[in-house]
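**Q** The structure that follows is given in the form of structure tokens.
The values are calculated or read from the model by the stated rules, or taken from the named source; none is laboratory data. Owing to the predicted nature of the structure, the values given are computational and were not obtained by experimental measurement. As a convention, Cβ positions derive from the backbone with ideal geometry for all residues, glycine included, and neighbour counts pool all protein chains shown.
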Amino acid sequence: MTAAKPAGTNLEENAIPPTTINMTDTEPTLPTTQPVVKTPLPERRATDRLLAQLDQLADQSDHLIKKPFGQFESNGQKYVMPRYIFLGPKGGGDTIRIGIFAAIHGDEPEGALALTRFAAALEKNPEFAKGYCLFFYPLCNPTGFEDNTRHSRAGIDLNRLFWRDSREPEVRLLETEIWTHAFDGIISLHADDTSDGLYGYVAGAVLSEHLLEPALREAEQFLPRNHQRQIDGFAARNGIVSQCFDGVLRAPRDMQRPPFEITLETPQKASLHRQVEAFSAALQTILVEYRYLMAIAQNI
């Protein structure tokens, strides 16, 4: 996942030739200088194109609301963090709040596209989201997406800085969202260019693993699972990893009611269409399974 490098400048072709002087009685002849060719800036990807379908869905929907939050500046350019809220039909109990985060690494837009597919599926069948208020954060690293880099434009991996007193504006804005809304669940979407199959990380509430296993099972309709015993340097079992890197996007450790926390990873080298469908299937399954587990818990 390396950023596209700007086209280089041929120094030999574009060099200004040295001044030559005619050693005669005539006036010296000055050379005609060639214009200096500037190295072009890398072409930036357009965030509005990435979010266009989500915007269109929100404009036409009774359930999906476009509600951007927070503003920051990078190299003199202002950015607003995109956020969409899907309000499902009212359920029988308290509303369940789930935060779904994508593209914290700018060169992984698959998750953002999957949120569009997921929102469209919910529009067709809102009952999947009955009792839920879903917060979509499709572009957590806008400058990294524009530059097609894992890091932000500041050259920092934002997904190693959460709850570590970071001064990066994107991290601070997202931390505020997580703290303010006290989500019942946090789901992060990633694409791994070193994996040949689906896998996921679990943390937080004890039931996290009971949500991830059926989610991976449903996603296997579209992509194979990673069955390696070690993934990203951590012990894994059936594509489930229970340890993770420090500073990843998650809830703070001192919350009274910790949410379930799941990170879904697709193999980035696989077909984009299959990755998007796998994400959407996994997300729908998590909604169904979590509602079922909550119903069981209330009857215990």
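**Q** Here's a check for you: in segment 127-142, which residue that is surrounded by fewer than 22 Cβ atoms within 10 Å (Cβ to Cβ) and in contact (Cβ under 8 Å) with a residue 40 or more places away in the chain is farthest from Leu87 (Cα to Cα)? Explain how you work it out, then say what you get.
**A** The first filter runs over segment 127-142 and keeps only residues surrounded by fewer than 22 Cβ atoms within 10 Å (Cβ to Cβ), leaving 127-128, 130-131, 133, 135.
From what's left, in contact (Cβ under 8 Å) with a residue 40 or more places away in the chain: 128, 130-131, 133, 135.
Values: Phe128: 11, Lys130: 8, Gly131: 8, Cys133: 5, Phe135: 9 Å.
If we take residues in segment 127-142 being surrounded by fewer than 22 Cβ atoms within 10 Å (Cβ to Cβ) and in contact (Cβ under 8 Å) with a residue 40 or more places away in the chain, then Phe128 is farthest from Leu87 (Cα to Cα).
**Q** Out of the residues in segment 59-113 that are among the basic types (Lys, Arg) and more than 16 Å from the chain's Cα centre (by Cα), state the one that is modelled with the lowest pLDDT.
**A** Checking each candidate, the answer is Lys90.
**Q** Still on this structure, please answer the following. Sort out which residues of segment 206-231 are surrounded by 16 or more Cβ atoms within 10 Å (Cβ to Cβ), more than 15 Å from Ile286 (Cβ to Cβ) and out of contact with any Asp or Glu (no Cβ under 6 Å at 6 or more places or on another chain), and write them in order of number.
**A** Residues satisfying the conditions are Leu223, Arg225, Asn226, Ile231.
**Q** If you take the residues of segment 254-300 that are under 29 Å from Asp193 (Cβ atoms) and of a type in the set (Asp, Glu), which of them is farthest from the chain's Cα centre (by Cα)?
**A** The selected residue is Glu289.
**Q** List, please: which pairs have Cβ atoms under 7 Å, are six or more places apart or on different chains, and start with a residue in segment 68-87 that is at positive phi and end with one that is of a type in the set (Lys, Arg)?
**A** Asn75/Arg153
**Q** Anything in segment 185-211 that is of a type in the set (S, T, N, Q) and within 21 Å of Ala103 (Cβ to Cβ)? List them, or say none.
**A** Listed by number, the residues that qualify are Ser188, Thr194, Ser195.
**Q** Do any residues in segment 233-260 that are on the phi > 0 side of the Ramachandran plot and crowded, with 20+ Cβ neighbours inside 10 Å have Cβ atoms under 6 Å from those of residues that are polar (S, T, N, Q) and not in a strand (DSSP E or B), where the two are at least six apart or on different chains, and which pairs are they?
**A** Gly239/Asn226
**Q** Turning to a different aspect of this structure: In segment 148-172, which residues are in a helix (DSSP H, G or I) and either on the phi > 0 side of the Ramachandran plot or buried (at least 22 other Cβ atoms within 10 Å of the Cβ) (or both)?
**A** Leu158, Asn159, Glu170, Val171
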